[in-house]
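Some notes on the structure that comes next.
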Amino acid sequence: MKKLTIPLIVLVANLAFAEPTDFDRRLFHAPPKPLSPDAVTEDWPRFLGPRHDLHSRETELLKSWPADGPNRVWEVERGNGHAPAVVSGNYLVMIHELNGSETIECLEPETGKQHWIHDYPVELGSSYGIADAPRSGPVIHGELVFTVGVRGDLICFDLEKGNVVWSRNLDEVYGPAPLFFGRGSCPVVHGEQLIVNIGGQMCVASFHIRTGKLIWKMEHEWHASYASPVPAMLHGEDRVLVFAGGMVRPPTGGLLSIDPDTGALDSDFPWRARMYASVNAASPVVVGNSVFITEGYSEGGALIDFAPDGSSTLRWKADRFRGQFTTPIAHEGYLYGVDGTAGTEVVCYEIASGREMWRDGIYLKDARLGRASLLRVDGAFLCIGGQGTLLWLDLNSTGAKILAETQLFQAPETWGVPTVNRGLLFVNQNATGSRLICYDLRK
């Protein structure tokens, strides 16, 4: 009996230790509806999604709701920061600044209970009246999760336990990146490499995902930006695309095409606003062997064609497709995005020709569209307006139609791509009571 009892006690203890726990910043409202047996689900391990294109394969989502919106499942008080939460399996990870510390938390997606928390002191400033705050979303890759803090703390965690696998401070090791609001670009994983737009002494670098060892570095006069690197397959060759360019005089920046295995530069296509007080912040959009880039203040958008030898040429320019930090979505031959900074409109452009098909300010009952974000999911576009409006939109080459609308809350700076996983929607409320809120979108 003893031989049977001892292992059983150890097993029970280990299971109890692994259970997520409640904490004082969590408010639970009600369990979500059961997930439909017909629903397709997938992880959302980085802010641009599993394929870096803002498309989700989730289905069976709620397309209409009462006037007060979909039901809340839970909410967690959080500090400052615009980085969206990411989800893989039973783990949701978010980063924010709370009470003077940069804080990484891992929660259970369906309950909001806490698996683990890690924090460290951080000093924040402000530029143009806007406070520094974490803007780089976590990146989950298998059993690891990576975060880049506003002051350059690059950390690799064990996703399940929260142990630090390796870390380094990019500012201290490679020099501070010239950015207005601290670092904000997410890294990208390629095989066993973590590729980061660093700035400082080098523009882009690759680290081994399990050790943090520097694999290669690519030096260039263009520095770190807020746009996140994305992988691409151009003419059958793996490439990583970095839309670089930060707080530099004279203003410089543009699109870099890099061999991810060696760090060799194929092409650098200049594209940055002519004004100093700007950065490149919307990530590149891959469409076949071409790439769309956009910035918010003077140059607008551009479709860049890549030749088999890696060289790049401008196919067309769109002066009025000025995405400040909303990454556009390529879908069925068209680009959909948000044009403008203070006043914004949803726009549609034909990819092949660069022809503007339409633009729509999307009139809302109780708010402005503002710096909205888009996600293509379940046959429509899910949109979060900059003041907390949730929309289902039908966007096609002929125009825009609102399918459903509700004001989740009234708060400025509701920025960041909406996160959908297993029929649940996760939204950051970034002002007037900063919270991460989980809504039930299950049918």
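Descriptive notes on the structure:
- The condition (being within 26 Å of residue 413 (Cβ to Cβ), open to solvent by 20 Å² or more (accessible area, probe 1.4 Å) and of a type in the set (D, E, K, R)) is satisfied by just one residue among 60, 77, 42: 77.
- Filtered residues of the range 163-217 (kept if of a type in the set (Gly, Ala, Ser) and more than 20 Å from residue 248 (Cα to Cα)): 167, 191, 206, 212
- Options 194, 144: the member that is open to solvent by less than 20 Å² (accessible area, probe 1.4 Å), within 26 Å of residue 262 (Cβ to Cβ) and out of contact with any His (no Cβ under 9 Å at 6 or more places or on another chain): 144
- Elements of type strands (runs of 3 or more DSSP E) in the range 365-443, at least 2 residues being out of contact with any Ser or Thr (no Cβ under 9 Å at 6 or more places or on another chain) and surrounded by fewer than 24 Cβ atoms within 10 Å (Cβ to Cβ): 380-384, 389-396, 399-407, 435-440
- Candidates are the residues of the range 319-375 that are aliphatic (A, V, I, L, M) and out of contact with any strand residue (DSSP E or B) (no Cβ under 8 Å at 6 or more places or on another chain); the one that is nearest to residue 416 (Cα to Cα) is 342.
- Close pairs from the range 160-184: first open to solvent by 40 Å² or more (accessible area, probe 1.4 Å), partner among the aliphatic types (A, V, I, L, M) and outside any loop (DSSP other than H, G, I, E, B), Cβ under 7 Å, at least 6 apart: 164/155; 165/144; 167/154; 167/155; 168/154
- Close pairs (6 angstrom Cβ cut-off, 6 or more residues apart or separate chains): at negative phi in the range 188-207, among the basic types (Lys, Arg) anywhere: 202/217; 205/217
- Residue match in the range 118-130 (condition: closer than 17 Å to residue 23 by Cα, out of contact with any His (no Cβ under 9 Å at 6 or more places or on another chain) and surrounded by 14 or more Cβ atoms within 10 Å (Cβ to Cβ)): yes
- Number of positions in the range 72-101 that are assigned to a strand (DSSP E or B) and within 15 Å of residue 434 (Cα to Cα): 10
- Qualifying residue in the range 384-403 (condition: acidic (Asp, Glu) and over 21 Å from residue 226 (Cβ atoms)): yes
- Some residue of the range 309-325 being in contact (Cβ under 8 Å) with a residue 12 or more places away in the chain, open to solvent by less than 30 Å² (accessible area, probe 1.4 Å), outside any strand (DSSP E or B) and farther than 25 Å from residue 341 by Cβ: yes
- Reported count of residues in the range 410-432, each being free of Cβ contacts under 8 Å to residues at least 24 places away in the same chain and either out of contact with any Asp or Glu (no Cβ under 6 Å at 6 or more places or on another chain) or closer than 26 Å to residue 88 by Cβ (or both), is 1.
The values are calculated or read from the model by the stated rules, or taken from the named source; none is laboratory data. Note that the coordinates shown come from a computational prediction; the quantities given were computed from them, not determined experimentally. With ideal geometry, Cβ positions are generated from the backbone for all residues, glycine too; neighbour counts draw on all protein chains shown. What goes into the accessible areas is simple: the full protein's heavy atoms, side chains included, and nothing from ligands, DNA or RNA. Shrake-Rupley method; radii C 1.70, N 1.55, O 1.52, S 1.80 Å.
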